[in-house]
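Peer 1: Got a structure for you, questions after.
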Amino acid sequence: MRPRIAVIGSGPAGLTFARVLHRHGHPVTVLERDPARDARPAGGTLDLHEGLGQLALEKAGVMAQFQGLSRPEGQAMRILDTDGTVLRDWQPRPGDMANPEIDRGQLRDLLLGPLDVQWGRVVTEVVPESRDGVLVHFADGRQEVFDLVIGADGAWSRVRPAVSSATPQYTGVTLVETSLDDVDTRHPELARLVGDGSMAAYGVNRALVAQRNSGGHVKVYAQFRAPLDRHTNPDRHGDLNQRVGLGLDDVEAVRSSLLALFDGWAAPVLDLLRHGTAFVHRPLYALPVSHTWAHVSGVTLLGDAAHLMPPLGAGANLAMLEGAELAESIAAVGPGDLDEAVRAFEEQMWARAGRWANITTSGLERLVSPDPSEALALFDEVQPS
């Protein structure tokens, strides 16, 4: 008999795992707490890397569709000084597909494809080594048993406690997100400022970053070092009902506060905040760089549930490749070898994730730094000459 497998979470990690396993003809149950696929905004844009996210899409058999949706021009990156001077302006070469962008919503829909997701299934606890397998408890009081449960349920995973006592810790950096719609028509000067990809300006312990999404939508992120305040209470962030981010009702008060924080910066850069339509706090949390756990039969983790790290372009890519690799490992073995396949996968995941966690942790320190030249130096190291 085929093992009963459930993946908790319908983000990039969970859907890639399920899609690859489905491609190999293996049934998998996808459990998602959101009541529907469009219950909340899918989020901003992702750059999928060759050898990571793109390799995962190849394993899922959807690379051609991705190429039709992705935006290679989104690889463009412009760095400004706080006075508006353009310091760097990187443009992708023709045919460059190293890190094309795709909206999270488009990626989700691409991966969903034929998958049958059980929406509105809120997991409260996972208990390994029960009599018949791994016991999953739901908020509605129901229970189900599986042979393997995979936690792909993000930073505040309800699966993680089954294997690890680690909890995410605040990095000291907070993002406040806003957005601009129909930017090419309504704010053409800002459209030119951002360009086809991303624009960033770095000051002392703060930054403003704007990223173009599809359809004329631009996400703007004010980044700064600050203690957690009443809006970003860690107890509330530990509640999964708040995991999307905390809305700030007094939009104008938040706008004024941010403009004061970035006082003295060039007016065109500050216009990104002046024209923002709403604001959401997103304090950045991370798990320990070397997070691992003693293997627990029947339970494992993927993506942010396993190795939450600063959002510097690696997390979703790693999560997707992990999902694809774990699915292939499971598809290649018989039921009696399932546990050893998962154990071997974890060892491989930990080694790679640890390297990237070090890179992204040190990267965040340099990007939101007392010395803004550190941010420019970091981009010079990673951008093609």
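The values are calculated or read from the model by the stated rules, or taken from the named source; none is laboratory data. The model shown is predicted, which means the values in this text are computed figures rather than measured ones. Glycine also receives a Cβ, built like all others from the backbone with ideal geometry; neighbour counts cover every protein chain displayed. For accessibility, only protein heavy atoms count, side chains too; no ligands or nucleic acids. Shrake-Rupley method; radii C 1.70, N 1.55, O 1.52, S 1.80 Å.
Peer 1: Quick one: in region 12-48, of everything that is in a loop (DSSP other than H, G, I, E, B), in contact with a Leu (Cβ under 9 Å, 6 or more places away or on another chain) and closer than 28 Å to residue 218 by Cβ, which residue is most open to solvent (accessible area, probe 1.4 Å)?
Peer 2: Once the filter is applied, the top-ranked residue is 37.
Peer 1: Moving on to the next point. Condition first: assigned to a loop (DSSP other than H, G, I, E, B) and either surrounded by 13 or more Cβ atoms within 10 Å (Cβ to Cβ) or of a type in the set (A, V, I, L, M, F, W, C) (or both). Now tell me which residues in region 344-385 satisfy that.
Peer 2: Our first condition is that a residue be assigned to a loop (DSSP other than H, G, I, E, B); within region 344-385, this holds for 368-372, 383-385.
Correct list: 368, 369, 372.
Peer 1: Could you check how many residues of region 192-227 are out of contact with any strand residue (DSSP E or B) (no Cβ under 7 Å at 6 or more places or on another chain), open to solvent by 30 Å² or more (accessible area, probe 1.4 Å) and farther than 13 Å from residue 74 by Cα?
Peer 2: Number satisfying all stated conditions: 3.
Peer 1: Counting only residues that are in contact with a Leu (Cβ under 7 Å, 6 or more places away or on another chain) and in a loop (DSSP other than H, G, I, E, B), which one in region 159-181 is surrounded by the fewest Cβ atoms within 10 Å (Cβ to Cβ)?
Peer 2: That would be 166.
Peer 1: In addition: Within region 182-197, count every residue that is in a loop (DSSP other than H, G, I, E, B) and closer than 13 Å to residue 210 by Cβ. Break it down into steps so the answer makes sense when it comes.
Peer 2: Of the residues in region 182-197, the ones in a loop (DSSP other than H, G, I, E, B) are 182, 187, 195-197.
Now narrow it down to the ones that are closer than 13 Å to residue 210 by Cβ: 187, 195-197.
Residues in region 182-197 being in a loop (DSSP other than H, G, I, E, B) and closer than 13 Å to residue 210 by Cβ: 4 in total.
Peer 1: So which of 283, 311 ends up being under 28 Å from residue 382 (Cβ atoms), touching a helix residue (DSSP H, G or I) at 6+ places or on another chain (Cβ under 9 Å) and open to solvent by 60 Å² or more (accessible area, probe 1.4 Å)?
Peer 2: Going through 283, 311 in turn, the sole match is 311.
Peer 1: Further question: Could you tell me whether region 296-319 includes any residue that is under 27 Å from residue 92 (Cβ atoms), of a type in the set (D, E, K, R), in contact (Cβ under 8 Å) with a residue 40 or more places away in the chain and not in a loop (DSSP other than H, G, I, E, B)?
Peer 2: No, region 296-319 contains no residue that is under 27 Å from residue 92 (Cβ atoms), of a type in the set (D, E, K, R), in contact (Cβ under 8 Å) with a residue 40 or more places away in the chain and not in a loop (DSSP other than H, G, I, E, B).
Peer 1: Another question, then. Just wondering, is there one or more residues in region 75-84 that are open to solvent by less than 70 Å² (accessible area, probe 1.4 Å) and within 22 Å of residue 318 (Cβ to Cβ)?
Peer 2: Among the residues of region 75-84, at least one is open to solvent by less than 70 Å² (accessible area, probe 1.4 Å) and within 22 Å of residue 318 (Cβ to Cβ), which makes the answer yes.
Peer 1: Go through (1) within 21 Å of residue 191 (Cα to Cα); (2) touching a helix residue (DSSP H, G or I) at 6+ places or on another chain (Cβ under 8 Å); (3) not β-branched (Val, Ile, Thr) for residue 71 and report which single condition fails.
Peer 2: Exception for residue 71: condition (2).
Peer 1: Filter region 329-343 down to the residues that are in contact (Cβ under 8 Å) with a residue 12 or more places away in the chain and open to solvent by less than 60 Å² (accessible area, probe 1.4 Å) and list them by number.
Peer 2: Across region 329-343, the qualifying residues are 329, 330, 331, 338, 339, 341, 342.
Peer 1: Now a separate question. Give just the number: which of (1) of a type in the set (S, T, N, Q); (2) at pLDDT below 95; (3) not in a loop (DSSP other than H, G, I, E, B) does residue 124 not satisfy?
Peer 2: Residue 124 satisfies all of (1) of a type in the set (S, T, N, Q); (2) at pLDDT below 95; (3) not in a loop (DSSP other than H, G, I, E, B) except (2).
Peer 1: Continuing with the same structure: Going by what's in this entry, would residue 60 be described as modelled with pLDDT of 95 or more, under 16 Å from residue 316 (Cα atoms), among the small types (Gly, Ala, Ser) and open to solvent by less than 40 Å² (accessible area, probe 1.4 Å)? Spell out the reasoning first.
Peer 2: On the way: modelled with pLDDT of 95 or more: yes; under 16 Å from residue 316 (Cα atoms): yes; among the small types (Gly, Ala, Ser): yes; open to solvent by less than 40 Å² (accessible area, probe 1.4 Å): yes.
In short, yes.
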